[in-house]
Structures are given as structure tokens and as C-alpha cells.
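Participant: Quick one: structure below, then a few questions.
Derivation of every value follows stated rules applied to the coordinates shown; laboratory data play no part. Note that the structure is a prediction, hence the values are computed from the model and not measured. Note that each Cβ is placed from the backbone with ideal geometry, even for glycine, and that neighbours are counted across all protein chains shown.
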Amino acid sequence: MPFRTPYSRGAPLGGFEELEVLLVEDSRTYIAALKQRLEGQYGMRVASCSTLEHLQSVLGEAPERFALALIDLNLPGAPAGEALDLVLSKNVPAIVFTATFSDLKRTQILSKHVADYVLKDGKDAIKNLVKAAIRILSNRGAHILVVDDSKTMREMLGEQLLRQLYRVTTVASGAAALEALEEDDDYDLAVINYLMPEMDGLSLVEQIRQRRNFDRLRIIGVSSLEDRTLIARFLRAGANDFLHQPLGIEEFRWRVAQNIQTTNQVRHLRELAARDYLTGLYNRRHFFDDGPHRVTMARKHNQAQSLAIVDIDHFKRLNDTYGHEIGDVALKAVARHLADLCGNEHLLARLGGEEFGILICGLSFVEAREFCETLRSSIGQILIATADGEINLTISIGLAEIATEEVFDNYLHAADQFLYMAKHAGRNRVFSEADVGNKAVA
């Protein structure tokens, strides 16, 4: 049974405000408590159904609007799991919660297309259900690569991962895996089988580790061989974990979940280290770390890029006249406007002091110039309150086209030179190679 394509990483892992959850439960106490948690704490929208008839009506309207369903397995009038079967028939991912549980019921639940199950086994039941829902919904942004020459195994593993709302790509060889990783930089985890023709799993792990560090991509090795030394050999080659086949469904799910959790924690720490403390923008170190990689990827896909350096005009005078507190207000205001206009398309960072760097992606040089003029005009509308009344801010921008393959510093140096020319020409303007020779520059 296919599921809808999971969300891309475009939606932040913590962003649940646009999601709607379907709650299938007959207990008013549970409905009230779960609604309070999901709506009050996470901003989700919750639609509840307490009968099979009501559920049929709700799902008959627009089932695709539900990101997840939380279902009481023992709903009155649906003793044989009819509510769960109905939800799954509409391709809505589901978490089951039940008060009665046995090995047989566990097997039955896992044999269905459910994302998880939670027991009504005490005072923490609601907390555990909410925790499970947040974990599953957070999986929307994670991308997993499955590498196995067996079509049956690829489909089985892919299906299990899709049930958890992960984004999944499956390939049949080591060469195809390396190509996929080269084409797409957003993979979080690779699940790699050992026995494959041409390039076995160990060789593939070694190849991947030459390209991706441990903090960028986690790897789980898989094998059906009884050779226990494979565990150590995979770990030595650069894998983070190992699983023996045949795979237990729950073990596989939780090994994947724990590796993804580690990836998210590392990404969160890396994100904190990459941010400027005052403005919240990326810092100079991140700009120099991520910028060259973005340039390489853009050149590979023949995408136009330019590099701009933005400088707040007369910032020292502003600080000297009104104090550093007003200077900080100005920096934050400029940063906020630049971030709003750059969005996620362009790499924006505070390089230091009153200077900002922008790697402009996907725009021709003419379009990049127009974009910089838009930035300049927007900043010109900012008003900063001071003891002497409101004052305007202006910026100067140096813009360099990334036309040939050079070291990243060269692009930055060229933009810096054009910024100097913009200041020399009177400030509050954009300056690029096209402006060199302009008689406005004395």
C-alpha cells in the first residue's frame, strides 16, 4: 500500500503549525488532553472522531489533508480494527494506541502499515503518544538512501521507512549510490548491504567516507552472512551501526530512528555554532565552509551565481554619535531585512562588524544586480529611533560574478574591491565590474 510522498526538508523539523492530525478516540478525557498538547504546545490542528460513522464521513471529504492519524484500536463499533483499516486505506499514516496488548496483537499491528504503536499503560500514556507523534512527524525532513542489489529487499526496506514518513531513495549498486550522493547533498543516513556485485558494501562505505564526514552522513551496514567479523570491519570502514538479516521490523525502525536522532542533534549543534550571536544570521566561518561547496554544486549544474558584500554606510559615525546600543539595533534591522529578502535561496552571513556576505544563487548577473538594487532600496526604508529622532540607513554593495572556477577567496576579494569602489563613488549604491570606468568614480 503506497503512502503519499513525505515532506521535503523545506519544512523545518520543528514546524508543525501547518499540519492537521486526525484523532480517532471515544474517550473525552483523552481527546481533551491530546488536543491540548498538540494544539496548545505544537500549534497543530486536530480533528477528532469518536465513532466509525463519523470517521467515514471525515475521511470521505479530503483525507490527504491529514499528516498523521492517532487511532484507538478498540473503538466502539469497530472491534476488529475497522477504524485502522479505513484510515490506512486512505493512505493516512497512523499511530495505534491500545489498552490491551499481547505478542499476537503486536505482530498483527506491525503487519499493517502503521507508523508506530503506543500502550495505554499508565499516567505517561498521553505523553508517550504525543512524543511518538512528534518523532514520526519530524521524520518528514530526513532523507535515507537504501543500497541493495536485491529488488525485494529494497522495496521492503523502502516501505518500512516510508511508513515512518522518511524520504527514501533506493539504488541497486555502489556506483549508483555514489552518483546519488554526488547529485544530492541532503542525505542523512545510508543503509548499505554487504553482498553486492562489482562493489561490496565495505568498499562503498570507504568510498563514501572519502566524500562525507561522520557528522554529515550516518551509515548502517547490513548483511545476512554469519561472519561476526563483519561488524568490526564495517565500523572500521566508517559505518556507524550494523544489522544482521533477517531484519526484525522494530529493531530496524529503532536503529534508524536513533541514527537519525543523532544526525539531528549534530545538525542542531552545528547550526548553533554557525550562527552569529547578535543577528542570528550565519557567521563568517559558515560562509567560508558552505560557500565553496555551494559554488561547486552550482557549477556542476550550470547554475549562475554571484557574490555580494553589503556594508552599512557610515556605521562608525552612527556608533560614535548614538552609542553601540543603537548600532546593534541597526545591525539587527539590516540583518532582518536582508534575511527576509534572501530567504532560503541565497546564502547570507554576517562577515563581521557592519559587513554582510551574500552568495546569490540561481540568478543571472543582470538579475543579481537587480536583486542587489532591491536590497539597497529596501534597507533605505529602515528608520532607526534615536535621541535626535528617526534616522535612515543606507548600504553600499560590491557585486562580483562567479564566472570562472577560482578559489572562494578570490570571489570575495573581487566583491570587496567593488565595495570599495562603491564607497569611493559616494556610497548608497551597487558597484560591479560593469561599473568600472564609470566617470562617477574619480
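Participant: Would you pull out the residues with amide H under 5 Å of A69's amide H, same chain only if 5 or more places away, H placed 1.01 Å from N?
Facilitator: Result for A69 returns L22, A94, I95.
Participant: Further question: Can you work out the Karplus-derived ³J(HN,Hα) for every residue in the range 109-122? Use 6.51 cos²θ - 1.76 cosθ + 1.60 with θ = phi - 60°, whole Hz, and x for glycine or proline.
Facilitator: Values, residue by residue: 5, 5, 6, 8, 8, 10, 6, 5, 9, 9, 8, 7, 10, x Hz.
Participant: K332: which lysines have alpha carbons under 27 Å from its alpha carbon, excluding same-chain residues fewer than 8 sequence positions away?
Facilitator: K316, K423
Participant: Here is a follow-up. Once a ≥ b ≥ c are taken as the square roots of the eigenvalues of the Cα gyration tensor of the range 54-106, is the result rounded (a/c under 1.5), prolate (a/b larger than b/c) or oblate (a/b not larger than b/c)? Provide the component values of the computation, followed by the final result.
Facilitator: On the way: a/c = 2.54, a/b = 1.74, b/c = 1.47.
Cα axes put the range 54-106 in the prolate bin.
Participant: Name the most mobile residue of I109, I71, I384, meaning the one with the largest mean-square fluctuation, in a Gaussian network model of the chain with Cα contacts below 10 Å.
Facilitator: Evaluated over the chain, the most mobile residue of the options is I384.
Participant: Taking every pair of alpha-carbon atoms in the range 109-219, give the share separated by more than 22 Å as a whole percent. Don't skip to the answer; put the middle values down first.
Facilitator: Numbers: 2521 of 6105 pairs.
When all Cα pairs of the range 109-219 are counted, 41 percent exceed 22 Å.
Participant: Still on this structure, I have one more. First check a/c for the range 143-208, with a ≥ b ≥ c the square roots of the eigenvalues of its C-alpha gyration tensor; if it is under 1.5, answer rounded, and if not, answer prolate when a/b is larger than b/c or oblate otherwise.
Facilitator: Details: a/c = 2.13, a/b = 1.25, b/c = 1.71.
Oblate shape, in that a/c is at least 1.5 and b/c is the bigger or equal ratio.
Participant: Take every Cα-Cα distance within the chain, group them into 10 Å bins from 0 onward, and report for each bin the whole-number percent of pairs it holds.
Facilitator: All Cα pairs, binned at 10 Å, distribute as 4, 18, 21, 20, 18, 13, 6, 1, 0 percent.
Participant: Tell me whether the range 142-273 comes out rounded, prolate or oblate; compute the Cα gyration tensor, take square roots of the eigenvalues as a ≥ b ≥ c, and use a/c under 1.5 as the rounded threshold.
Facilitator: Numbers: a/c = 1.36, a/b = 1.23, b/c = 1.11.
Rounded is the answer for the range 142-273, as its axis ratio a/c remains below 1.5.
Participant: Something else: As a footprinting exposure proxy, order R140, R209 by other Cβ within 10 Å, with the fewest listed first.
Facilitator: On the way: R140 23, R209 15.
In order of increasing Cβ crowding within 10 Å: R209, R140.
Participant: If you don't mind, another one. With an 8 Å cut-off on Cα pairs and a minimum separation of 6 or more residues, tell me the relative contact order of the range 229-376 in percent.
Facilitator: Working: 128 pairs, mean separation 38.2, N = 148.
Contact order relative to length: 26 percent.
Participant: Give me the Å³ per residue figure for the convex hull around the C-alpha atoms of the range 204-340. It would help to have the intermediate numbers written out before the result.
Facilitator: Details: hull volume 22.7 nm³, N = 137.
Taking only Cα atoms, the range 204-340 has a hull volume of 166 Å³ per residue.
Participant: With each run of n ≥ 4 DSSP H residues scored as -39500 (n - 2.57), what mean residue ellipticity at 222 nm is computed for the chain after dividing by its residue count and rounding to the nearest 500 deg cm²/dmol? Could you put the intermediate results ahead of the total?
Facilitator: Working: 15 runs with 191 residues, N = 442.
Computed ellipticity for the chain at 222 nm equals -13500 deg cm²/dmol.
Participant: For C49, what residues show an amide H to amide H distance below 5 Å, using hydrogens built from the backbone and excluding near sequence neighbours?
Facilitator: Those lying under 5 Å, H to H, from C49 are L23, V24, E25.
Participant: In Å and on Cα atoms, what radius of gyration and Dmax does the range 282-435 show?
Facilitator: 15.3, 52
Participant: A further question follows. Taking K105 as the anchor, which lysines have their alpha carbon closer than 30 Å to its alpha carbon, excluding any fewer than eight residues away along the same chain?
Facilitator: K35, K90, K120, K123, K127, K131, K151
Participant: By DSSP, what percent of the beta bridges with both residues in the chain are antiparallel, rounded to the nearest 5? Walk me through the numbers on the way to the answer.
Facilitator: Numbers: 24 of 65 bridges.
Close to 35 percent.
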